[in-house]
Amino acid sequence: MPKRAGSVALAFEHKVTRGRKLRTDGTVVETNISHRRDSALLNDGVRVLGRLVGKAKEVLLEGTGESFRKRTRSAKRLARRIEQGASRRAEEAKEALKGASTSGWWKSPGPA
């Protein structure tokens, strides 16, 4: 039995998926990459992990009596604070560069 058939059977058994179709695609397409900020990656990671653990919590927490809380809202707030701090630092750096370009500190004095 192929490895993927076993994983589909296991997922079907634990009702994570219906297991009707499994499709893979190895097509590669050239595209521009938009570089994500760390705050957005943090938020996406917390959201995806919360969704996966939520689907599997019956199996993972079986008989322990522990509960699972989604942290998507707090991760979203934290990501927003990180983004605001980064943009504030970028603005401060731009202002510092403006001041440096008008001061002329890099120019050497004229001939003596």
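Derivation of every value follows stated rules applied to the coordinates shown; laboratory data play no part. A quick note: this is a predicted structure, and the numbers were derived from the prediction, not measured. Note that we place each Cβ from the backbone using ideal geometry, even for glycine, and neighbour counts take in every protein chain shown.
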task = Quickly work out the D44-to-E58 label distance, labels modelled 7 Å from Cα along the C-beta direction, and quote it in nm with one decimal.
result = 3.0
key: Among 72-81, 87-96, the order from most to least packed when residues are scored by Cβ within 10 Å on average   = 72-81, 87-96
ask   = Distance in nm between label sites at A9 and T72, each 7 Å beyond Cα in the beta-carbon direction?
value = 3.3
task = Would you mind getting me the FRET efficiency between Q84 and N32? Use the beta-carbon distance for r and R0 = 30 Å, nearest 0.05.
result = 0.70
